[in-house]
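What follows is a short report on a single structure.
The values are calculated or read from the model by the stated rules, or taken from the named source; none is laboratory data. Quick caveat: nothing in here was measured; it's all calculated off a predicted structure. Quick reminder, even Gly has a Cβ in these numbers, built from the backbone with ideal geometry, and neighbours come from all protein chains shown.
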Amino acid sequence: MVDVSQHNLVPEHSVLDEGDVEDVLAEYDIDRTDLPKIERKDPALRDLEADAEVGDVIEIVRDSRTTDEATVYRLVVE
C-alpha cells in the first residue's frame, strides 16, 4: 500500500500548540470552528495520527507560485 503522507506532492503538516493557535485566531479575528476542516483519518495526517486529536489545529505549509510558501490552517474533526 502507498503511504500518501510520504508523497512529494503532499505538503508538510504539523500540529500547532495552543499558544500559536490563539495567535492565528487573533490575527484573522476568527473562532476555531471558522477554520476549514480536515478529518482525523485523512491520509495526509498519517504521520501525525498519534499527535492529531479532534479539536487540534494543523498548519500546512505549501509551495506557492506567487510566494515561496503559503501557510494554511485546518481544524481536525472526526
Could you please find all residues in the range 12-52 being without any contact (Cβ under 8 Å) to a residue 24 or more places away in the chain and surrounded by 16 or more Cβ atoms within 10 Å (Cβ to Cβ)? Leu25, Asp42
Counted residues, the range 8-23 - those being modelled with pLDDT of 95 or more and among the aliphatic types (A, V, I, L, M): 1
How many residues of the range 53-78 are touching a residue at least 40 places away in the same chain (Cβ under 8 Å) and either of a type in the set (Gly, Ala, Ser) or assigned to a loop (DSSP other than H, G, I, E, B) (or both)? The answer is 1
Within the range 31-50, the count of residues that are over 12 Å from the mean Cα position of the chain (by Cα) and aliphatic (A, V, I, L, M) comes to 1
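Could you list all residues from the range 30-52 that are assigned to a loop (DSSP other than H, G, I, E, B) and at pLDDT 90 or above?
Keep residues of the range 30-52 that are assigned to a loop (DSSP other than H, G, I, E, B), which gives 30-31, 35-36, 40-42, 49-52.
Across the range 30-52, the qualifying residues are Ile30, Asp31, Leu35, Pro36.
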Of all residues in the range 10-34, how many are farther than 14 Å from Ala52 by Cβ and either touching a Cys at 6+ places or on another chain (Cβ under 6 Å) or not acidic (Asp, Glu) (or both)? 10
